[in-house]
Amino acid sequence: MNVREALEKAIEFEAQARDRYLDMAAKVAEDGETRLLLEQIAREEDSHLKRLTERLKALKLMDI
């Protein structure tokens, strides 16, 4: 696995994690506080996803 493949896999994992947290917030959170916590964690995962995507774009521009 090279750095580009590692970033692509990490992006996939972050997107899946974000989606799981949003799904839990919508379907299984029993109260507003829990729902808000899960939504906050999903936003953090989305932030990771954006940073990783930016790194991958930079690598592609450098043709690595």
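Selection of region 27-64 for residues being more than 26 Å from Glu8 (Cβ to Cβ), surrounded by 12 or more Cβ atoms within 10 Å (Cβ to Cβ) and among the small types (Gly, Ala, Ser) yields only Ala29.
Within region 1-56, the set of residues being touching a residue at least 40 places away in the same chain (Cβ under 8 Å) and either touching a strand residue (DSSP E or B) at 6+ places or on another chain (Cβ under 8 Å) or among the acidic types (Asp, Glu) (or both) comprises just one member, Glu8.
Taking the criterion of being over 30 Å from Arg4 (Cβ atoms) and assigned to a helix (DSSP H, G or I), the residues of region 28-43 that qualify are Gly32, Glu33, Thr34, Arg35, Leu36, Leu37, Leu38, Glu39, Gln40.
Return the only residue of Asp63, Asp46, Asp19, Asp23 being out of contact with any His (no Cβ under 6 Å at 6 or more places or on another chain) and not in a helix (DSSP H, G or I). If you could, list the steps in order and put the result at the bottom.
On the way: Asp46 fails: not in a helix (DSSP H, G or I); Asp19 fails: not in a helix (DSSP H, G or I); Asp23 fails: not in a helix (DSSP H, G or I).
Exactly one residue qualifies, and that residue is Asp63.
Suppose the filter is basic (Lys, Arg) and touching a Leu at 6+ places or on another chain (Cβ under 9 Å); does Arg43 pass it? Answer is no for this residue.
Among the residues of region 1-51, the one identified as of a type in the set (Val, Ile, Thr), under 24 Å from Met62 (Cα atoms) and over 10 Å from the mean Cα position of the chain (by Cα) is Val3.
None of the figures in this text is laboratory data; all of them are computed from the coordinates on show. Because the structure is a prediction, the values reported are computed rather than measured. Neighbour counts run over all protein chains shown; Cβ positions are idealised from the backbone, glycine included.
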